[in-house]
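The values are calculated or read from the model by the stated rules, or taken from the named source; none is laboratory data. This is a predicted model, so every value here is computed, not measured. Here the Cβ is made from the backbone with ideal geometry for all residues, glycine too, and neighbour counts use every protein chain on show.
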Amino acid sequence: MKPAPIDYDTVREMLRTATPDRILRFIGKSHPADIALLFKGLESSEVRQLFDVLFMARRADKTLKELPPELLPDILALIDDEKVGRLIVRSDPDDAVTFIDGLPEERRERVLALLDPERQAAVREIINYPEGTVGRIMTTDFMAVSPDTTAQGAIDKIRERGELETFFYLYVVDDQGKLVGVVPIRNLVIAPRDRTLSELMIADPVKANVFTDQEEAARLVSRYELLALPIVDEAGRLEGIITVDDVIDIINQESTEDMYKMVGLAEEDRVFTPVYRSVKMRLPWTFLNLLTATLAASVVGLFEGTLHEIVALVTFMPVVAGVGGNGATQTATVIIRGIALGELEFASAWKAILKQVSVNIFIALAAGTLIAAAAILWKGNPHLGLVLAVALILNLGLMAGIAGAVIPLLLKALKFDPALGSGIIVTGLTDAFGFLSFLGLSTIFRQYLI
């Protein structure tokens with residue numbers, strides 16, 4: 001059963017009047033993700049109080065890792081270096097990196113200097129991997145044993161080791177630390193006591209390199225239905241693992257990133273991002289949008305004479321541009337998803353473009369027939385309906401299909417993220433071409449439209 005939500009006003013009142021023990025009893029049974037929501041509307045002093053309560057109960061690390069990415073830096077800014085350092089020491093390695101990433105550059109070194117040498121080295125090793133790679137998000141909290149270990153010996157080692165963050169597989173490594181196999185825990189439990197892991201293990205398991213893109217690693221976990229994916233270095237030595245919960249985070253992050261980029265938003269621009277930061281991130285894309293809108297407006301300006309003579313054209317201009325822009329965005333979304341999931345390669349790009357254009361042409365024929373009939377009934381001019389239908393077929397059928405498919409592929413070929421502003425670019429192109437085709441055809445056949 002889903003737990004009842006924490007009453008926000010009660011918590012704020014308790015932070016002012018109650019003891020830490022009483023506050024902890026009130027929120028103690030709540031999930032860290034629910035407790036994290038409390039931080040969103042608290043004043044600075046209240047944030048510090050709530051953090052201290054959770055820190056005292058050793059629950060701060062599990063709670064803060066559930067904070068939205070845009071809110072974590074603001075919360076960490078209110079906590080002194082010593083406590084942040086102790087928070088990192090208590091955290092799982094991958095969560096420690098998340099906290100380090102939430103600190104400004106000049107503060108990171110101060111906090112890292114407070115860690116013991118072993119912990120500092122482990123954190124530095126992970127943060128040195130490039131952003132977006134699995135090395136950056138993997139956890140080094142796993143259990144590895146040698147191939148000649150017996151099933152009973154492995155179980156004894158598990159008991160000695162104690163609790164792990166996630167424990168789905170036992171990893172089998174050779175004397176050089178190279179991954180040679182994995183043993184699912186369920187297989188280990190039912191195996192004969194004297195059976196060695198070399199006999200039980202899945203040899204040459206699915207794995208990823210530390211520099212593998214996190215999206216590709218997520219696809220491996222999904223494709224092979226894994227609970228965890230081992231991560232190895234260039235020499236094949238086991239360095240860490242990523243688990244299903246990491247994959248869920250990756251999917252959320254990447255889908256948000258693609259969705260944002262298509263409309264010209266930075267991933268860091270969230271609901272509670274400070275105003276100045278959101279303005280700074282959105283302004284460049286607004287300027288690009290202004291540029292594409294100016295292109296469309298300049299096309300309209302070429303046909304001012306036609307618009308003065310045939311005012312009825314103004315009524316239908318948004319139809320041609322809007323429907324074309326929607327078709328282009330749909331096409332771009334399908335192509336971007338195909339690229340992201342590895343379904344589309346450059347060798348098959350022309351087939352994808354042809355297919356998308358074909359789909360858009362059939363849709364344009366149906367939509368063009370409908371809008372032509374509406375124009376005839378409304379304005380009583382069959383020539384206007386025909387011009388409108390042809391313009392829609394040209395814009396929605398050809399331009400939207402071609403631009404929606406080619407722009408993401410072109411961005412990919414140029415080593416840019418294919419989602420990067422695709423929505424703005426293809427919409428600008430279909431607006432301009434839609435006006436050009438509709439007003440151009442209207443100018444050519446103006447004698448039949450007046």
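Picking from residues in region 142-154 that are over 10 Å from residue 193 (Cα atoms) and of a type in the set (Ser, Thr, Tyr), the one that is surrounded by the most Cβ atoms within 10 Å (Cβ to Cβ) is 149. Residue-level check: of (1) part of a helix (DSSP H, G or I); (2) under 22 Å from the mean Cα position of the chain (by Cα); (3) more than 18 Å from residue 363 (Cα to Cα), residue 405 misses just (3).
Taken over region 368-384, residues that are touching a helix residue (DSSP H, G or I) at 6+ places or on another chain (Cβ under 6 Å) and either among the hydrophobic types (A, V, I, L, M, F, W, C) or farther than 10 Å from residue 449 by Cα (or both) amount to 6.
Given the conditions (1) assigned by TED's automatic domain parsing to the domain that holds residue 46; (2) over 18 Å from residue 237 (Cα atoms); (3) over 20 Å from the mean Cα position of the chain (by Cα); (4) surrounded by fewer than 15 Cβ atoms within 10 Å (Cβ to Cβ), which single one is not true for residue 157? Every listed condition holds for residue 157 apart from (1). Listed by first and then second residue, the pairs linking a residue in region 269-293 that is part of a helix (DSSP H, G or I) to a residue that is modelled with pLDDT of 75 or more and not aliphatic (A, V, I, L, M), with Cβ atoms under 6 Å apart and 6 or more places separating them unless they lie on different chains, are 292/428.
When residues in region 146-183 are screened for being part of a loop (DSSP other than H, G, I, E, B), modelled with pLDDT of 90 or more and closer than 21 Å to residue 231 by Cβ, 6 of them pass. Scoring residue 189 on the criteria (1) farther than 23 Å from residue 97 by Cα; (2) in contact (Cβ under 8 Å) with a residue 40 or more places away in the chain; (3) assigned to a helix (DSSP H, G or I) leaves a single failure, condition (2). Restricting attention to region 310-328 and to residues that are of a type in the set (Gly, Ala, Ser) and under 15 Å from residue 431 (Cα atoms), the residue that is surrounded by the most Cβ atoms within 10 Å (Cβ to Cβ) turns out to be 324.
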